Amino acid sequence: MSILRPDVERPRESRAGDEPRAGRSGDQPHAGRSGDEPRAGRSGGGPRAGRSGGGPRGGALARIAGFVGRTLRGEWYGIVVDPLRQLRRRGPAALLLAFVACAGVIFFHAIAQHPTGATAVRILGGVQGDLPLWLALLRTPVSLYVPALDLPVWAGITQLFLAFALAELALGRRRTLLVAYAATLAGTLTVRVMMAMGPGWWGLGLPPEVGQVLDTGPSAAVVGLFTYLSVVRHAPVVFLLTGGSMVLESIAKPNLAGREHLIAVAAALVLGLVHERGRHRRRTATNAQDTASA
């Protein structure tokens, strides 16, 4: 047994003294940390992933796409989702102005189909530039419900209902009436100023014959409401569809209605910007008070 003992012990001594343990040798480099092989993704010579030569252009396109996506999403929520939530919370009674406006247009359109009724509609709600100012102001509220006889009434009713419904849900009943009346009245008064200027004036003036043409009726209110909504709800797509279409209409068919539509867009735009300015000032004042109290 004493002769076999060294043979038995020799492999244990050889394992302990000659063979290094895996991962603890000073001569062998650590796995994955060799000085010759760079780390993956941290090489100084190679470009990083996703930042190749076309990176600036791709980054600009990505930023533009993100901006457009955020704008459309905010516009969808401001113009569609939020009014639908208000309708669900308040019920059909929240659309009172829209129903009254559509009923008024249908009523006056039905009456105007007969000669006697057309005369009555013209006396009650027909606004012309050659009328006395007091009479034009008296007829202006009724003119919101008098449709243009040369246009399809049902298409106009759809636009009228949509404009008044969205405005009433998003803005409230009082502000909707104010914006609609202000847009219509702005067109009526500005036409009088253009007629007083006379022909010329770089195309701004109008001849006296225009005073016998009826105004646009409810279409100016519709355009004004859509423009005001697009400003206060930060909806550039809606603004382009309303204001841009009015500009194209006035260029393609220059008439009194096109001018009144442009004036309604400008009036609603000014009202919306004034409202946004006032809201910004109130928000700034509130933040300053909160900071001072803190």
Kirkwood-based Rg to Rh ratio, the stretch 93-228, C-alpha trace = 0.99
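Go through Glu260, Glu249, Glu276, Glu209 and list them by solvent-accessible area, largest first, probe radius 1.4 Å. Mind showing how you got there, number by number?
Working: Glu260 10, Glu249 60, Glu276 35, Glu209 125 Å².
From most exposed to least exposed: Glu209, Glu249, Glu276, Glu260.
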Rough spin-label spacing in nm, given labels placed 7 Å along Cα→Cβ, for Arg277 and Ala155 | 3.7 nm
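Per residue, how many Å² of accessible area does the stretch 183-294 show with a 1.4 Å probe?
Working: 6090 Å² over 112 residues.
Solvent-accessible surface per residue comes out at 54 Å².
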Between Ile123 and Val247, take the C-beta separation as r, use R0 = 30 Å, and let me know the FRET efficiency to the nearest 0.05.
-> 0.35
In Å, descending, principal axis extents of the Cα set of the stretch 132-204 | 42, 28, 26
Percent of Cα-Cα distances greater than 19 Å, calculated over the stretch 156-294 | 55 percent
What FRET efficiency would be calculated for the residue pair Leu162, Thr291, taking the C-beta separation as r and a Förster radius of 45 Å, to the nearest 0.05?
-> 0.60
Between Trp134 and Arg57, what length in nm is gained on full extension when 0.36 nm per residue of separation is reduced by their alpha carbon distance?
-> 21.6 nm
Using per-residue counts of other Cβ atoms within 10 Å, averaged over each peptide, order 80-93, 121-134 from highest down.
-> 121-134, 80-93
How large is the charge dipole for the stretch 98-228, taken about the Cα centre, if only the Cβ atoms of Lys, Arg (+1) and Asp, Glu (-1) carry charge, to the nearest 20 debye?
-> 360 debye
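Which values, in whole Å and largest first, are the semi-axes of the equivalent ellipsoid of the stretch 72-121 obtained as the square root of 5 times each eigenvalue of the Cα gyration tensor?
On the way: eigenvalues 258, 35, 6 Å².
After scaling each eigenvalue by five and taking roots: 36, 13, 5 Å.
In debye to the nearest 20, how big a dipole does the stretch 51-157 give about its Cα centre with +1 on each Lys and Arg Cβ and -1 on each Asp and Glu Cβ?
Numbers: 11 positive and 4 negative charges, 175 e Å.
Roughly 840 debye, rounded to the nearest 20.
Report the full-extension gain for the segment Arg88 to Ala110: residue separation times 0.36 nm, less the Cα-Cα distance, to one decimal in nm.
Difference between extended and current length: 4.7 nm.
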Using modelled amide H (1.01 Å from N, peptide plane; none on Pro or chain starts), what sits under 5 Å from the amide H of Val213, excluding residues fewer than 5 places away?
-> Gly129
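The values are calculated or read from the model by the stated rules, or taken from the named source; none is laboratory data. This structure is a prediction, so every number in the text was calculated from the model and none was measured. All Cβ positions, even for glycine, are placed from backbone atoms using ideal geometry, and neighbour counts span all protein chains on display. What goes into the accessible areas is simple: the full protein's heavy atoms, side chains included, and nothing from ligands, DNA or RNA. Shrake-Rupley method; radii C 1.70, N 1.55, O 1.52, S 1.80 Å.
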